[in-house]
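The values are calculated or read from the model by the stated rules, or taken from the named source; none is laboratory data. As the structure is a computational prediction, the values presented were derived from the model and not from experiment. Cβ placement follows ideal geometry from the backbone for every residue including glycine, while neighbour counts extend to all protein chains displayed. When the accessible area is computed, the model is the full protein with side chains, heavy atoms only, and any ligands, DNA or RNA have been set aside. Shrake-Rupley method; radii C 1.70, N 1.55, O 1.52, S 1.80 Å.
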Amino acid sequence: MFKRIIIPILLIITVSFTSCTEIIYSGKDNSIKNTNKKNTIKVDKSKLEKSIKLSPYYKKIKLRNGYKKLKTEAEKRVYNAIIAHCTDFTDKKESKNSKNYKLDSFTLAKLSISERQIAKAVFAVFQDNPQFFWLDEPYSYSYGGSSLTLKLYANMTSAQYKKKYKQLNAVINRILAGMKPSMSEFERELYLHDYLVKNCKYLEKDLDDKDSYTIYGCLVNQNAVCMGYTAAFQLLLSYVGINSITVTGSNTAAGHIWNAVKIEGDWYYTDVTWDDTEDFFMYDNFNITTKQLKRTHKIVPKISAFSGDELFEKDGTIKNFNLMIPKCTADKYNYYKYRGYILKNLFNNNMAESLAESARAKKRYFYIYVDPESLDYNTVYKTLFNSELFAFSEYIKSANSILGYSALKSSVSVTKKKYLNTITVLLKYY
């Protein structure tokens with residue numbers, strides 16, 4: 001009898017199942033086989049993947065962060081088997097009322113593994129393969145004798161899969177075609193971040209739409225929830241040579257998921273979903289540190305923090321977990337620090353020249369990054385924008401003088417974010 005499990009990838013959904021049971025096998029036979037080959041509608045995903053026109057400037061990387069966290073050969077066997085059989089469609093529903101379709105089951109012979117390890121291996125597959133937009137999160141397994149049989153599920157038929165894959169690849173090709181040569185890792189990340197923010201809309205209604213949790217929903221339908229944003233960001237980054245993972249947790253209201261991105265050797269957190277807001281706050285979650293992230297996000301523990309029994313709630317529901325939680329301490333490539341004006345001295349600086357440069361480019365926003373090692377944030381804000389002092393108006397006058405004409409108005413709108421050390425100024429023009 002198959003036991004139905006839902007791994008907690010979609011943090012909104014939790015389904016209960018019976019308590020963890022140890023599954024013990026022994027032997028050396030590593031064969032993997034389909035249990036019902038005659039039912040399989042095999043789709044060769046490699047042919048579809050080849051229609052992606054990779055950038056000639058950047059080398060694609062294979063995401064393996066989840067796989068590297070698997071400690072046992074048994075976990076790796078389950079992982080590799082899922083990869084091998086993830087397109088074994090049957091186009092048959094589990095029942096008349098079911099919303100998903102069965103993939104053909106497959107069997108791993110002579111295996112020693114626990115329910116916890118199976119969940120870990122399945123999670124790792126989802127962690128490393130954001131392109132698996134057709135897979136639904138439930139999986140089933142049965143065991144007996146010396147074999148473990150797994151059954152996966154799809155949220156579409158094989159025909160729908162092929163059609164959607166072609167549509168998806170067409171969009172990805174258009175995105176990659178916009179990549180310029182010699183872009184730094186920061187510039188590549190920024191390009192993809194901005195594309196998603198500007199071309200996808202957060203889906204607040206119809207949360208039963210399966211596509212909205214996937215790269216297809218984000219890139220083709222241009223409607224997604226946080227999981228769709230993060231999966232699309234992760235996949236696109238891999239195509240231009242940037243390593244990233246998804247990190248699960250919660251925000252102030254509900255379960256949430258975002259990315260950790262490795263730029264020039266250091267990890268940073270980027271939450272594209274939260275950056276999809278009005279322009280004023282578009283980069284508040286771009287390459288931030290763990291300390292900054294934790295002001296608004298909560299990270300759930302790694303699976304290693306839970307013992308075998310602790311991973312499961314009393315009602316059998318599996319707890320949310322991460323396989324990897326990077327420590328993000330670098331701030332060099334934080335958007336505001338890297339692209340903004342770094343203020344280290346209140347009065348002996350070249351802020352007027354920088355404002356004039358922004359005016360020439362007709363930029364809407366002027367970002368001030370207050371160097372925390374040199375200046376007190378509150379003192380800077382009061383000096384520049386206090387209604388009595390308003391020193392920033394003097395910088396605007398100086399900027400207009402540099403330009404030789406009145407371009408900038410002295411009245412501005414300001415947003416301060418002390419925890420980010422930033423002051424965002426909305427520039428107004430004559």
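The figures follow:
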quantity	calculated
Note, ³J(HN,Hα) from phi for region 138-149, Karplus 6.51, -1.76, 1.60, rounded to Hz, x at Gly and Pro	x, 9, 10, 8, 9, 8, x, x, 10, 9, 10, 10
Spin-label pair N39/K166, simplified geometry with 7 Å Cα→Cβ offset, distance in nm	2.8
Distance-filtered residues of region 355-383 - backbone nitrogen under 14 Å, label point 7 angstrom along Y405 Cα→Cβ	359-362
Percent carbon-and-sulfur accessible area, the chain, ignoring ligands, DNA and RNA, probe 1.4 Å	47
In range of the label at T277: residues from region 393-430 whose backbone nitrogen is under 18 Å from the point 7 Å along Cα→Cβ	413-426
Long-range amide H partners of D136 with built H, under 5 Å	Y153, A154, N155
Vicinal HN-Hα couplings computed from phi for region 159-167 (Karplus, 6.51 cos²θ - 1.76 cosθ + 1.60; Hz; Gly/Pro x)	5, 5, 4, 5, 5, 5, 4, 5, 4
Inter-label distance for K201 and S393, nm, one decimal - labels placed 7 Å from Cα along Cα-to-Cβ	4.1
The chain, accessible area per residue, ligands and nucleic acids excluded (1.4 Å, Å²)	47
5 angstrom amide H check on T317, placed H, neighbours 5+ away	F17
Using θ = phi - 60° and Karplus 6.51 cos²θ - 1.76 cosθ + 1.60, couplings along region 299-305 (whole Hz; Gly, Pro as x)	9, 6, x, 6, 4, 5, 6
Entries in K205/K416; K327/K417; K319/K416; K163/K210; K71/K93; K45/K93 that, when Cα-Cα distance is taken, lie over 27 Å	K205/K416; K319/K416; K71/K93
Pairwise centroid distance, computed over Cα atoms, of region 387-418 with region 203-269, Å	38
Residues K71 and K93, FRET efficiency given R0 of 30 Å [Cβ-Cβ distance, rounded to 0.05]	0.25
Rg/Rg_ref, the chain, where Rg_ref = 2.2 N^0.38 Å and atoms are Cα	1.14
Other-chain or far-sequence residues with amide H under 5 Å of H256's (modelled H)	G249, S250, N251
Potential extension, M183-R295 segment - 0.36 nm per residue separation minus Cα distance	37.2 nm
